[in-house]
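To keep things clear, I will list the structure first and then write my remarks on it.
The values are calculated or read from the model by the stated rules, or taken from the named source; none is laboratory data. Because the structure is predicted, anything quoted here is derived from the model rather than measured. Glycine gets a Cβ as well: all are built from the backbone with ideal geometry, and neighbour counts include every protein chain shown.
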Amino acid sequence: MERAAAAIPRPAAILVAALLLLPLSAPAARAASSGGAAYGQASQAPQTLAPTLPPGGVDPSQPDPAPTPALPDPATPVPAPGAGQTARVLSNGLAVAPAGAPAVVRAIIAAGNRIATMKYVWGGGHARWEDRGYDCSGSVSYALHGAALLDSPLVSGDLARWGERGPGTWITIYANADHVYMTVAGLRFDTSGQRQAGTRWQSALRSNRGFHVRHPAGL
């Protein structure tokens, strides 16, 4: 056998050696052609993909949230009511905002209208916003919440410390430990007197003796 191997011509020996090495190089060639890396080749750093939405992005499959009423810019003073800028009560017990009222005042009146003729229920409006009835603080809280001024209902004692001291330009809250009511664009919103008037909206004012006087900032 040794003599036979020695008899192989030199060009033929080179061809045999090439055929023996071919199976070793084929996988590397196939890997390179398919985008893979050959064994021993340094791997590339993984590619980082940009997120399709920034953090906090809105899911487009969800409905648009309800619009929030426009609130006054604290740097811009709210104009005082002028002549004829007083709310009025209709015969159905609902209030009509004056034409010159700011958007936040109209939002409070609109929210107050939704519960204006609903019955008085002690503790109503404190466990949930939409309730079967409302007490005095639940009523005032509901109207303020309708203008995005309150996130959660407050009892009358808390409303006696809420907002800023003194009467407001458009809205004034009168509160103590036992009762709370407010005036909006000159109209009273109060569970007291509702039995006679049939509505929380009342044009007749009442004594504020013994009440803390507060108002929402800027209003």
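Brief remarks follow.
- Where a residue in segment 195-206 is in contact (Cβ under 8 Å) with a residue 40 or more places away in the chain and its partner, wherever it lies, is exposed (fewer than 15 other Cβ atoms within 10 Å of the Cβ) and small (Gly, Ala, Ser), with Cβ under 9 Å and at least six apart: 197/203; 197/204
- The sole residue among 163, 193, 168, 218 that is of a type outside the set (S, T, N, Q), within 21 Å of residue 106 (Cβ to Cβ) and at pLDDT below 95 is 218.
- Residues that are surrounded by 16 or more Cβ atoms within 10 Å (Cβ to Cβ) and aliphatic (A, V, I, L, M), drawn from segment 97-108: 97, 101, 104, 105, 107, 108
- Subset of segment 189-219 that is over 12 Å from residue 139 (Cβ atoms) and of a type in the set (D, E, K, R) - its residue that is nearest to the chain's Cα centre (by Cα): 214
- Selection within segment 109-162: residues that are of a type in the set (Ser, Thr, Tyr), surrounded by 21 or more Cβ atoms within 10 Å (Cβ to Cβ) and more than 11 Å from residue 200 (Cβ to Cβ). The member of this set that is farthest from the chain's Cα centre (by Cα) is 156.
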